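This report concerns only the one structure given below.
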């Protein structure tokens, strides 16, 4: 049996390294487009200030990008180091978008980043602009590939289990690529990245405006960020990714869990704004509800019901029992009893094999599982509700707060009244952490909400780990935490230093600290 | 020749080989220059010259490693799973060492404090030297086989330890790799610099080249006469669905020479590696580092091919359960995946090579102390 401690530590290590990586990715996604917009303005108008903007925000982009690359390496290899059985079981499908991401997107992005910084004097204006746009497109293409891989974990279509090789194998790449979950996730994630990039530029520009320095520079940056951020936050909210929750069983479980929908109610379901979900009793206490809202956002209709957790659990019990049959048949096939009848039976039951594997957490001998073990496995098919319930609400609240700020900022900059709204500048400055909070919470909703599966309905998380000891895990975890903390301190130090310094960091002689002989 | 499953399995051996060779050539010189940083860059400005030789292009070079890793995952999932989880701490060591590079390059020259800069310089040295060494050690252990087995669910169990990797042959292979990449880094550095730095490069190339030759020959003799090689005695059809539990493997000292004994012309590959090293040393002396970079890259290619050809068709031999060894026949992805990856690679890899070449052309020319002084705020 696999040690629970190893499973928990492996999950913790993955969560820490992925959440950490995801501090840098959204800013890269958003800021790269903002740089491309600024540089386009430079090439079109020929005004030096837009070049300075591109170069200054590019400097901050570089500081962020360095850590994005550093921490991305970890993730590329962590599937192998810590999730070896997962890698074997689904590498045939999951590995493909990762390989193609390297080949098609990451190569382009990483090769051009050098030219972005060092190519100003070696390229024509248009050539450099093309590099910047390609850099932005490549980083977004990267995100598409990663989210195709992740979308497949949430809704694994286009693949079949092969008992000869004991793994999942692809049956249709078109289905994997055009997976509806992957598509909505992509739009939602990159739009969240645009909000992040925009809030970063908006907030730091607001800081310069509050200090009344480099106003021409800051007000232009503010305007671009406001417009880009407003478009981004509208996409995040309107396109959302709720629509993704209708595809795939586990996505439905996730939806029920984040909404703490214990019962299937007459549609359209009400949305619980606030409440205290109690998983043991399966009720939400002190709930404040808005009628119709959940049904509308969850199913985009007033007729389709949102399936409640209790009904999901009942359905899953049957699937676990079928999964036990599938597991028994698989053992026969493996032992060489490969007659047509066994094969046909296995074909019939194999879609529930994953549910049978859930029992592996409680017993090695899946086919003889006791009623109590089946009950435990059944309960495990719904993730812990409270963390999801809250993570989702924090994410949504951050999103609406950003909508408000970007909306007002957009209005203020189009009517040229930015300097009159000092409270808006303060709000923009202090709102800088909001997109990061939303992004991290979003990751938790998506990935914690996928539990107990690493691949929805196919491979339980606890079977996915490598056969390492908990001692190994403690050591590597300590290494990551130590190293990442150090890098974080260094990164924040440089980021704050250069953000405070502002465009004077370019040493052009045109900006605030250089004019008054300040501490540049 | 059609693209049947058997052919694709062989092609993917070649493609993974190409990706790793690409990594060793391109990121290899970055690692080599990282290793040379404290020895060739004596002053802060000289070190900045070295950093700016590597600075604009190292990120693209590192993607060879990322892509090779991704391709390994997609084309040989069981190899990726078993090797990476087995070599857990060795891989983490490489990873942690590589962490120094992005932040080292980007952050080092952003503050003038010499303590700050010295600290990152040591980080960059580690980021070059440690991966160059550990990659070689890992290769050396592949040649000897590593202790792992599978259960019937094909879950892999690795029974060795990190310290077990540091055996004499493993360390020898590590030093082969390190000296080879120092030569590769040296020759690129000579190409991109002038004056006293280029002169120091010549010295570094001479000594690293010489040491490499001796160690490479020693490793070759050791493989032929000392290391237990692996040989497939029987296995099912080569185009069967891959499952590593269906074959019989025996080990015997010298079995790694089977392919060379069968196809004598394969000896051309290690001979090429040796001759090209001599050329590299010579061309460096004659101030022809451009040609020297090509010959040095051929050395790198020859060394990786030499090991690959001697192991073929093995990828990851198991010393504790030889029958569980992973070979190109029984650890690949499904036919459909290999085929999709094949076409993606055939289309996109040439494009990658094209725009990478363009970027190097744009950035051509020597990096000098004078240029660093002129661009002190934008250079690394």
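The values are calculated or read from the model by the stated rules, or taken from the named source; none is laboratory data. Quick caveat, the model's predicted, so the values are computed rather than measured. Don't worry about glycine lacking a Cβ; one is built from the backbone with ideal geometry, like all the others, and counts go over all protein chains shown.
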Checklist entry - Restricting to segment A:138-160, what's the tally of residues that are touching a helix residue (DSSP H, G or I) at 6+ places or on another chain (Cβ under 7 Å) and more than 26 Å from residue A:108 (Cβ to Cβ)? => result 5
Checklist entry - Among (1) under 23 Å from residue A:401 (Cα atoms); (2) buried (at least 19 other Cβ atoms within 10 Å of the Cβ); (3) at pLDDT below 85, which single condition is residue A:245 missing? => result (1)
Next on the checklist: crowded, with 20+ Cβ neighbours inside 10 Å and either in contact with a strand residue (DSSP E or B) (Cβ under 6 Å, 6 or more places away or on another chain) or within 23 Å of residue A:497 (Cβ to Cβ) (or both): is that true of residue A:202 in this structure?
Outcome noted: yes
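Yes/no matrix, rows are residues, columns are (1) away from chain B (no Cβ under 14 Å); (2) over 26 Å from residue A:346 (Cβ atoms):
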residue	(1), (2)
A:141	no, yes
A:152	no, no
A:155	yes, no
A:161	no, no
A:168	no, no
A:171	no, no
A:176	no, no
A:179	yes, no
A:182	yes, yes
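Tell me yes or no: at least one residue of segment B:296-313 is farther than 24 Å from residue B:20 by Cβ and touching a residue at least 24 places away in the same chain (Cβ under 8 Å).
No, the conditions are met nowhere in segment B:296-313.
Per-residue answers, yes or no, for (1) modelled with pLDDT of 95 or more; (2) more than 25 Å from the chain's Cα centre (by Cα); (3) buried (at least 21 other Cβ atoms within 10 Å of the Cβ):
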| site | (1), (2), (3) |
| --- | --- |
| B:296 | yes, no, yes |
| B:314 | yes, no, yes |
| B:317 | yes, no, yes |
| B:335 | yes, yes, no |
| B:350 | yes, no, no |
| B:377 | no, yes, no |
Checklist entry - So which residues in segment B:257-278 are under 20 Å from residue B:203 (Cβ atoms) and either surrounded by fewer than 19 Cβ atoms within 10 Å (Cβ to Cβ) or touching a residue at least 60 places away in the same chain (Cβ under 8 Å) (or both), if there are any at all? => result B:277, B:278
Checklist outcome for this item: Looking across segment A:408-426 at residues that are under 23 Å from residue A:395 (Cβ atoms) and touching a residue at least 24 places away in the same chain (Cβ under 8 Å), the single one that is surrounded by the most Cβ atoms within 10 Å (Cβ to Cβ) is A:409
Next on the checklist: Checking residue A:62 against (1) closer than 17 Å to residue A:499 by Cα; (2) surrounded by fewer than 24 Cβ atoms within 10 Å (Cβ to Cβ); (3) at pLDDT 95 or above: exactly one of these is not met. Which one?
Outcome noted: (3)
Checklist entry - Of the conditions (1) buried (at least 20 other Cβ atoms within 10 Å of the Cβ); (2) within 7 Å of another protein chain (Cβ to nearest Cβ), residue B:344 fails just one. Which one is it? => result (1)
Checklist entry - Can you spot a residue in segment A:440-447 that is farther than 30 Å from residue A:356 by Cα, modelled with pLDDT of 95 or more and out of contact with any strand residue (DSSP E or B) (no Cβ under 7 Å at 6 or more places or on another chain)? => result yes
Checklist entry - Looking at segment B:147-160, which of its residues are more than 10 Å from chain A (Cβ to nearest Cβ) and at pLDDT below 95? => result B:160
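So, residue B:3, is that one surrounded by fewer than 17 Cβ atoms within 10 Å (Cβ to Cβ) and assigned to a helix (DSSP H, G or I) or not?
Here the answer is no, as residue B:3 does not meet what is asked.
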Next on the checklist: Looking at the structure I just gave you, is residue B:245 out of contact with any helix residue (DSSP H, G or I) (no Cβ under 7 Å at 6 or more places or on another chain), in contact (Cβ under 8 Å) with a residue 60 or more places away in the chain, surrounded by 14 or more Cβ atoms within 10 Å (Cβ to Cβ) and on the phi < 0 side of the Ramachandran plot?
Outcome noted: no
Checklist entry - Residues in segment B:106-116: is at least one closer than 20 Å to residue A:88 by Cβ and either modelled with pLDDT of 95 or more or surrounded by 22 or more Cβ atoms within 10 Å (Cβ to Cβ) (or both)? => result no
Next on the checklist: Against the conditions (1) over 30 Å from residue A:432 (Cα atoms); (2) over 28 Å from the mean Cα position of the chain (by Cα); (3) not in a loop (DSSP other than H, G, I, E, B), where does residue A:412 fall short? Just the number, please.
Outcome noted: (1)
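Residues checked against (1) in a helix (DSSP H, G or I); (2) within 12 Å of chain B (Cβ to nearest Cβ); (3) more than 30 Å from residue B:104 (Cα to Cα):
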position	(1), (2), (3)
A:405	yes, no, yes
A:419	yes, no, yes
A:434	yes, no, no
A:439	yes, no, no
A:471	yes, yes, yes
A:497	yes, yes, no
A:505	yes, yes, no
Checklist entry - Which number in (1) more than 30 Å from residue A:419 (Cβ to Cβ); (2) over 22 Å from the mean Cα position of the chain (by Cα); (3) in the same structural domain as residue A:423 (by TED's automatic domain parsing) marks the one condition that residue A:189 misses? => result (2)
Checklist entry - In segment A:253-264, is there at least one residue being in a helix (DSSP H, G or I) and either in the same structural domain as residue A:199 (by TED's automatic domain parsing) or modelled with pLDDT under 80 (or both)? => result no
